[in-house]
Amino acid sequence: MWQGKKLILGVTGSIAAYKSAELVRLLVKQGADVQVVMTPEAHQFITPLTLSTLSRHPVLTEISTDATWHNHVQLGREADILLIAPATAHTLAKMASGLCDNLLLAVYLSATCPVTVAPAMDEDMWFHPATQTQLDKLAAHGVDILEVNQGELASGLLGWGRMMEPADIIATLQERWITPTHQFQGKKVLITAGPTREPFDPVRYISNYSSGKMGFALAKTFAWMGAEVQLVAGPTSIMPPHHPRIHLTRVETASQMKQACQHFFPESDITIMAAAVADYRPQQIATEKIKKHENTLQLTLEKNEDILLALGQQKQPQQWLIGFALETHHDATLAMEKMQHKRLDMIILNSLDEPASAFHHDTNKISIFDRFGNEMHFPVKHKSAVAHDIAMALLRLMQA
Ligand code: CTP
């Protein structure tokens, strides 16, 4: 699969640089031609000798050495992929700002091939708004940003920020750039994710436990399969996926989510409402913080508009509309009623009586029903695998 592919591996100064050796070894084993470009700082973490031995090419660091000038433009133009792994917060910030004080940055700025970065840093650095702003900028520049893993960090703390494992990086690159699937190429897909928040004073709101993981996994899957994704997400603590074909709109309340959906829906070929939209909102929002003078507090709630129902009413024959049904018990009849009532093409049932399912879990157990009477039942799977099952079920339905 990697035979004849030329990959530039940029290595920056992070403790995760020791994993670059494994990356090079696995890539070369699979037939890739790997040219390593290190930043000067990376030399403190892994020797160029190790990487040149494994890659069978001299490692490059300087723009010129003695009388030799390394043509960064040629490097960036000849490669099939530029992968920067590990990518430190510092290098990411420099890339986002267009700074160019080493060979790797010069190669990046000249690259005409896809660029993928595998960030590695401590959790606080990862979540710092400055880092996230740089990542957003890089995503807007078309850089493909791999997720970070959770686990033990160089600081000794546990948290987010570990570089993705080499084998997973290679599998992801393969899927995205080496053997991309194009089943949804040219399709515009609207996906909602996460909860909504309904405020009742300036500091309080009602909401639900939705994490956004299912909607984010769907966005990633459809982008990988070639679609342009409009991702409308409520407030989540996990980061939405970065991908050049995922365009994020953040919203807070159900009414903001409705507005965003109404905006994107007419242009969408496929719409998937994975968000857990709050059914009710407080009728009054106090302008000042409510004081605790009384022993009880009564809130009057009024119904939010059902976004999916409204979209079903506007749906054109060439559009595909998919909803979720979250039920306390596995109740296929209720799910199918929802599908009919909201004029959906497909509904995905997940039940709260399945312990590995639904809110804040990484796994989900679903059943899919479509308007032609087909039904599919799946075992517990990771949400990314569930997203793939949903995409494939939709594909079959669209091709039927
Ligand atoms: N949904 C929506 N707008 C709402 C409520 C729900 O678009 N105000 C969507 C959800 O995104 C989901 C589907 O409707 O795709 C079903 O949501 P669910 O909470 O299971 O059911 P409801 O239709 O809200 O009905 P109930 O809560 O009575 O089960």
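The values are calculated or read from the model by the stated rules, or taken from the named source; none is laboratory data. Since the structure is predicted, the reported quantities are computational estimates derived from the model, not experimental observations. A quick note on method: Cβ atoms are made from the backbone with ideal geometry, for glycine too, and the neighbour counts reach across all protein chains shown. These area figures cover heavy atoms from the full protein model, side chains too; ligands, DNA and RNA do not enter into them. Shrake-Rupley method; radii C 1.70, N 1.55, O 1.52, S 1.80 Å.
The charge dipole of the chain, taken about the Cα centre with unit charges on the Cβ atoms of Lys, Arg (+1) and Asp, Glu (-1), comes to about 480 debye, rounded to the nearest 20.
First obtain the Kirkwood hydrodynamic radius of segment 298-400 from its Cα pairs, then insert it into the Stokes-Einstein equation at 10 °C and 1.306 mPa s, and state the resulting D in µm² per second as a whole number.
109 µm²/s
Residue pairs exceeding 19 angstrom between C-alpha atoms, taken from Lys258/Lys342; Lys213/Lys383; Lys342/Lys365; Lys220/Lys258; Lys6/Lys29: Lys342/Lys365; Lys220/Lys258. Accessible surface comparison of His242, His263, His361, probe 1.4 Å, protein chains only, largest first: the order is His263, His361, His242.
Annotation for Asp331 and Met239: the two label points, set 7 Å from Cα along the Cα-Cβ direction, are 4.0 nm apart.
Restricting to bridges with both residues inside the chain, how much of the DSSP beta-bridge set is antiparallel, in percent to the nearest 5? Within the chain, antiparallel bridges account for around 35 percent of the total.
Panel note: the C-alpha atoms of segment 1-43, placed on their principal axes, show extents of 31, 15, 10 Å (largest first). A simple spin-label model places the labels of Lys29 and Ser64 4.1 nm from each other, with each point 7 Å out along Cα-to-Cβ. Multiplying the residue separation of Leu309 and Ala400 by 0.36 nm and removing their Cα-Cα distance gives an extension gain of 30.3 nm.
For segment 6-178, relative contact order (Cα pairs under 8 Å, six or more residues apart, normalised by length) works out to 22 percent. Mean-square fluctuations from a GNM of the chain, with a 10 angstrom spring cutoff on Cα atoms, peak among Pro241, Pro40, Pro317 at Pro317. Derived value for segment 118-163: Kirkwood hydrodynamic radius 10.8 Å. Basis is the mean of 1/r over every pair of different alpha-carbon atoms.
Show me the trypsin sites (Lys or Arg not before Pro) within segment 239-331 that DSSP assigns to loop and that have at most 13 other Cβ atoms within 10 Å of their Cβ. Before the final figure, lay out the partial values.
On the way: sites: Arg245, Arg250, Lys258, Lys289, Lys291, Lys292, Lys303, Lys315; in loops: Arg245, Lys289, Lys291, Lys292, Lys315.
Loop-located and lightly packed - Lys289, Lys291, Lys292.
Beta bridges per DSSP, both residues in segment 6-178: antiparallel share near 25 percent. Ligands, DNA and RNA aside, Leu173 has an accessible area near 0 Å² when probed at 1.4 Å. With no solvent and one equal point scatterer per Cα, compute the Debye intensity ratio I(q)/I(0) for segment 6-178 at 0.11, 0.17 Å⁻¹ and report its log10, rounded to two decimals. Computed log10 I(q)/I(0) values: -0.40, -1.02.
The mean sequence separation of alpha-carbon pairs under 8 Å and at least six residues apart, normalised by the residue count of segment 40-113, gives a relative contact order of 35 percent. Calculation over all alpha carbon pairs of segment 1-103 in 10 angstrom steps from 0 returns a P(r) of 16, 50, 32, 3 percent.
Looking only at Cα atoms, what is the convex hull volume of segment 131-281 per residue, in Å³? Walk me through the intermediate numbers first.
Values: hull volume 20.2 nm³, N = 151.
Enclosed volume per residue, from the Cα hull, is 133 Å³.
Along segment 30-43 the Karplus relation, 6.51 cos²θ - 1.76 cosθ + 1.60 evaluated at θ = phi - 60°, assigns HN-Hα couplings of 8, x, 6, 9, 10, 10, 8, 10, 9, 7, x, 5, 5, 4 Hz to successive residues, with x for each Gly and Pro. FRET efficiency for the pair Glu302 and His341, taken as 1/(1 + (r/R0)^6) with r the Cβ-Cβ distance and R0 = 30 Å, rounds to 0.90. Counting only protein heavy atoms and a probe of 1.4 Å, the accessible surface of the chain is 52% carbon and sulfur. Summarise the long-distance tail of P(r) for segment 225-317 by giving the % of C-alpha pairs beyond 16 Å. That tail contains 64 percent of the Cα-Cα pairs. The base-10 log of I(q)/I(0) for segment 17-62, evaluated at q = 0.14, 0.24, 0.31 Å⁻¹, reads -0.27, -0.78, -1.21 [Debye formula, identical scatterers on Cα atoms, solvent excluded]. Residue-normalised convex hull volume from the C-alpha trace of the chain: 167 Å³ per residue.
Note on Phe45: accessible area is roughly 90 Å² with a 1.4 Å probe, heavy atoms of protein only. Across the chain, C-alpha contacts under 8 Å between residues 6 or more apart give a mean separation that, scaled by the residue count, equals a relative contact order of 11 percent.
Rg/Rh, computed from the Cα trace of segment 141-192 with Rh as the Kirkwood radius, has the value 1.11.
Among Gln230, Gln132, Gln298, the largest mean-square fluctuation in a Gaussian network model of the chain (Cα springs under 10 Å) belongs to Gln298. Mind checking segment 23-69 for trypsin sites (Lys or Arg not before Pro) that DSSP puts in a loop (not H, G, I, E or B) and that have at most 11 other Cβ atoms within 10 Å? Sites meeting the loop and neighbour criteria: Arg56. Ranking of Trp69, Trp320 by solvent-accessible surface, largest first: Trp69, Trp320 (1.4 Å probe, protein heavy atoms only, all chains present). Here the simple spin-label model places points 7 Å from the Cα toward Cβ, and for Thr112 and His141 these points are separated by 1.9 nm. For Leu352 and Gln284, the difference between the fully extended length at 0.36 nm per residue and the C-alpha to C-alpha distance is 21.4 nm.
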